[in-house]
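Before any comments, here is the structure.
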Amino acid sequence: MESKPYFETVKSFADVPITEDGVETHSFLEASDGLVKLFDLLGSGVFGFVQADIRGNIGGIRSRYQNASASSLTLENLVRSETSTEQHRHATGCLVRLTRGLMFLCKALQHMQNEPSIELHVCFKRSYDEVLRHHHTFVVRSLAVVAVRAVPYRRDFIARISQGGDREKFDSELRRWLAGLDVIAKRLKVFIEEGGYGRV
């Protein structure tokens, strides 16, 4: 039996419910798990440090959600309940860092979709400079430069994530996925920074 292309098998950020209470935690975590696997398709070791950070941050948020699910149905409520009851705000810190990682990947792939003539490493370099660079030390920045150079060619990356599926369908699914991710990342950034929970 032929396996389905990647974007047809994972939870899309476009399908994560957003209510007046905020972004639904369970669906967000499910979509974020799919994001981690997307990095696997970039090839071994490429942005491993970002992927490890994202995976750890998802774990921190999931742990809080599992231990206090009634007060953590949305990400916003999870943060509010943790900051009002806990001295050590682990899940909140995880959400701040995860939001950065989401914005980094989202911007890189938006550059890729919006500018078909530029190579993928340029897209990732731009996104890194916009989102993550100012949070990192000189040593991490040096690692990032190496990681950016190791990003596969655009055509190879697209072949990996479309996995032989219909190219038009892939483009529209990726655009939808990115639009959903963009809405969530921007919303979380505003919530985190305006609430004084951290800086994205």
### Message
Counting only other residues whose beta carbon sits under 11 Å from that of Leu178, what net charge do I get with K and R as +1, D and E as -1?
### Response
0
### Task
Please give the per residue accessible area of the range 22-192, computed with a probe of 1.4 Å over protein heavy atoms only, in Å².
46 Å²
## Note on the structure
Expected unfolding gain across Ala68-Glu168 under the 0.36 nm per residue rule, minus the alpha-carbon gap, is 31.8 nm
### Count, lysine Cα pairs under 23 Å in the chain, 8 or more residues apart or across chains
17
### Query
Over all distinct alpha-carbon pairs, what is the Kirkwood Rh of the range 30-168 in angstrom?
16.3 Å
#### Entry: the chain, accessible surface, carbon-and-sulfur percent (1.4 angstrom probe)
51 percent
### Query
To the nearest 0.05, what FRET efficiency results for Val36 and Thr85 with a Förster distance of 25 Å applied to their C-beta separation?
0.30
### Task
Give me the accessible area of His88, 1.4 Å probe, in Å² rounded to the nearest 10.
140 Å²
### Summary
Residues whose modelled amide H sits under 5 Å from the amide H of Thr74, counting only those 5 or more places away in sequence or on another chain, are Thr25
## Note on the structure
Whole-Å distance linking the alpha carbon centroid of the range 111-138 with that of the range 72-87 is 32 Å
### Summary
So for the range 114-200, using the alpha carbon gyration tensor with a ≥ b ≥ c as root eigenvalues (a/c under 1.5 gives rounded; past that, a/b versus b/c decides prolate or oblate), I'd call it oblate
### Query
Tilt of helix 120-131 relative to the longest C-alpha principal axis of the chain, in degrees (0 to 90, nearest 10)?
20 degrees
### Task
Report the extension gain between Ile118 and Asp15 in nm, rounded to one decimal, defined as 0.36 nm multiplied by the number of residues separating them, less their alpha carbon distance.
34.1 nm
### Query
What relative contact order, as a whole-number percentage, does the chain give when Cα pairs under 8 Å and 6 or more residues apart are counted?
29 percent
### Message
With +1 assigned to the C-beta of every Lys and Arg and -1 to the C-beta of every Asp and Glu, and no other charges, what is the dipole magnitude of the chain about the Cα centre in debye, to the nearest 20?
### Response
640 debye
### Message
Compute the helix-to-body angle for 48-67: its Cα long axis versus the longest principal axis of the chain, expressed 0 to 90° and rounded to tens.
### Response
30 degrees
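The values are calculated or read from the model by the stated rules, or taken from the named source; none is laboratory data. Quantities reported herein were computed from a predicted structural model and do not represent experimental measurements. Heads up, the Cβs are rebuilt from the backbone with ideal geometry, glycines too, and the neighbour counts pull from every protein chain shown. Ligands, DNA and RNA are excluded from the accessible area calculation, which covers all protein heavy atoms including side chains. Shrake-Rupley method; radii C 1.70, N 1.55, O 1.52, S 1.80 Å.
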